[in-house]
Every structure is written in C-alpha cells, then in structure tokens.
1. For region 15-36, what are the residues that are open to solvent by less than 10 Å² (accessible area, probe 1.4 Å) and of a type in the set (A, V, I, L, M)?
2. Can you pull out the residues in region 170-201 that are touching a helix residue (DSSP H, G or I) at 6+ places or on another chain (Cβ under 8 Å) and within 30 Å of S94 (Cα to Cα)?
3. Please go through region 56-65 and give me each residue that is in a loop (DSSP other than H, G, I, E, B) and either at pLDDT 75 or above or under 21 Å from L120 (Cα atoms) (or both), ordered by number.
4. Quick one: in region 179-218, of everything that is within 24 Å of A10 (Cβ to Cβ) and basic (K, R), which residue is nearest to the chain's Cα centre (by Cα)?
5. Among the residues of region 166-181, is any touching a Gly at 6+ places or on another chain (Cβ under 6 Å) and basic (K, R)?
6. Please name all residue pairs, on different chains or six or more residues apart, with Cβ atoms under 6 Å, provided the first residue is in region 167-195 and is over 21 Å from A211 (Cβ atoms) and the second residue is hydrophobic (A, V, I, L, M, F, W, C) and surrounded by 12 or more Cβ atoms within 10 Å (Cβ to Cβ).
7. Name the single residue that is nearest to R196 (Cα to Cα) among those in region 1-14 being open to solvent by 10 Å² or more (accessible area, probe 1.4 Å) and either outside any loop (DSSP other than H, G, I, E, B) or free of Cβ contacts under 8 Å to residues at least 40 places away in the same chain (or both).
8. Name the one entry in R196, R173, R130 that is of a type in the set (K, R) and touching a Phe, Trp or Tyr at 6+ places or on another chain (Cβ under 8 Å).
Amino acid sequence: MRVLVSAGEASSELYGAQIIEAMRRRVPGSEFFGVGGERMQKAGCDLVVDARVHLSVVGISEIVSKLPSIYAQFRKLIEEVDRRKPEVAVIIDSPAFNFRVARELHKRGIPVVYYVTPQLWAWRQYRVERVRKWVTKALPIFPFEEKFFREHGVDAEYVGHPLADIPPPSISREQFADEFKLDKAKSWIAILPGSRRKEVKMNLPAMLDAAAELGDTY
C-alpha cells in the first residue's frame with residue numbers, strides 16, 4: 001500500500017510517526033511519503049515537504065511573507081501525488097494547509113482520512129462543509145467531536161487521543177532531579193513556549209518574566 005501522510009506541525013508530525021509505525025506492523029511493505037519532519041522520516045516516510053523548514057509559521061504577517069514558498073511546496077506535493085498515485089491519504093490537523101491537500105486528492109479520487117480533525121465546533125463552523133465534501137473518513141480525538149461531525153453529515157469515528165498511547169516516562173522524579181540539577185524538595189513548573197521558532201520568540205519572554213515573579217519558591 002502506498003500512503004500519503006501530511007502533518008504540518010510538530011505535534012501532528014509526532015502523530016504521523018505513530019500512524020506510520022502502526023501501519024507498518026499491520027501492512028508490511030507499505031510505502032509512505034508526504035509532509036512532516038524528523039520523527040516521520042525516522043519512521044520510514046519519504047519527505048516531499050519538510051514541514052519544519054517550509055510550514056512552521058505563526059501569525060498573519062509571517063504567513064503572508066511565506067505564501068510563495070508554501071504554495072511552491074504545495075505544488076511539489078501534488079506533483080508527487082500525481083506521480084506516485086497513493087491508494088489513501090492521511091492528513092493530520094493543520095487545516096490551513098491540509099484542506100487544500102484534501103481538495104486536490106478528492107479531485108483525483110483518492111480517499112482522504114482526516115486524523116485529529118480541526119476544532120470546527122469552536123470556531124468557523126462553516127468550514128465543516130469542506131470536511132463533508134473532501135474527506136472520506138474523519139477521525140476526531142475527542143468523543144463529543146464525533147457527534148458534531150455526524151450531525152453535519154460527515155462520516156466520523158472517535159478514536160481517542162494519541163497522547164494516551166505514549167508510554168509514561170520510565171525515569172523517576174529523583175533521577176530526573178539528579179540529572180537536571182533540580183531541588184527535589186520544591187514543586188516544579190515547566191515552561192513550554194511552543195514548538196515553532198516564532199512561538200518561542202513571542203511567548204518565552206513573558207513566561208520568563210512570570211517565572212521571575214515567582215522567585216525561588218519553585
């Protein structure tokens with residue numbers, strides 16, 4: 001089986017790697033190509049578009065400045081679709097990019113599975129029409145989303161959250177503290193500004209200011 005996988009962000013790229021590994025176990029000899037990053041590449045996906053380089057954007061100004069590059073990568077992907085003719089496509093989150101991928105695949109009669117569906121129930125619900133028109137099967141990760149999509153005429157099936165399948169860390173709190181020179185007697189707060197460079201640049205300064213306000217309690 002030849003499968004297109006399209007994951008435009010760091011989190012969805014992690015899920016893409018999980019899908020590839022699971023499908024390799026169930027359908028030996030399957031081939032994967034598409035959009036992703038290092039994890040998907042290690043799992044055996046031939047990257048046509050490196051999402052880390054070409055799709056990792058935040059904010060309208062950055063998106064506009066990179067539109068020519070993003071469109072060029074999109075055309076490159078569709079050219080590979082026409083050349084390789086996948087039997088199915090799995091698109092993951094990233095609706096701004098993946099809705100366009102779904103539209104082109106639908107035109108070519110290629111079944112599209114949408115995993116980690118966009119949160120259309122929360123905003124811009126009119127876009128559910130695109131899912132109904134271009135997506136063969138929707139796989140939402142929250143139980144109430146299945147009802148939402150089904151009520152809008154989409155073939156949807158709740159499959160659970162992918163993070164629930166990741167094994168918990170094997171390292172103990174004491175070992176972690178020793179390795180990273182942390183005080184075991186204090187509570188710890190993780191600072192997680194984001195997975196993209198501009199997210200870090202925009203979010204981290206304010207988070208560090210907040211950490212400074214907390215002082216040495218943590």
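1. Answer for region 15-36, where residues must be open to solvent by less than 10 Å² (accessible area, probe 1.4 Å) and of a type in the set (A, V, I, L, M): A17, I20, V35.
2. Result: I189, I191, P193, G194, S195, R196, K198.
3. The answer is V57, V58, G59.
4. R196
5. Checking region 166-181: not a single residue is touching a Gly at 6+ places or on another chain (Cβ under 6 Å) and basic (K, R).
6. Going by the 6 Å Cβ cut-off, there are no qualifying pairs.
7. A10
8. Working: R196 fails: touching a Phe, Trp or Tyr at 6+ places or on another chain (Cβ under 8 Å); R173 fails: touching a Phe, Trp or Tyr at 6+ places or on another chain (Cβ under 8 Å).
One residue alone meets the criteria, R130.
The values are calculated or read from the model by the stated rules, or taken from the named source; none is laboratory data. Worth saying up front: this structure is predicted, and the values here are computed from it rather than measured. Positions of Cβ are backbone-derived with ideal geometry, glycine not excepted, and every protein chain shown enters the neighbour counts. Accessible surface areas use protein heavy atoms only, side chains included; no ligands, DNA or RNA. Shrake-Rupley method; radii C 1.70, N 1.55, O 1.52, S 1.80 Å.
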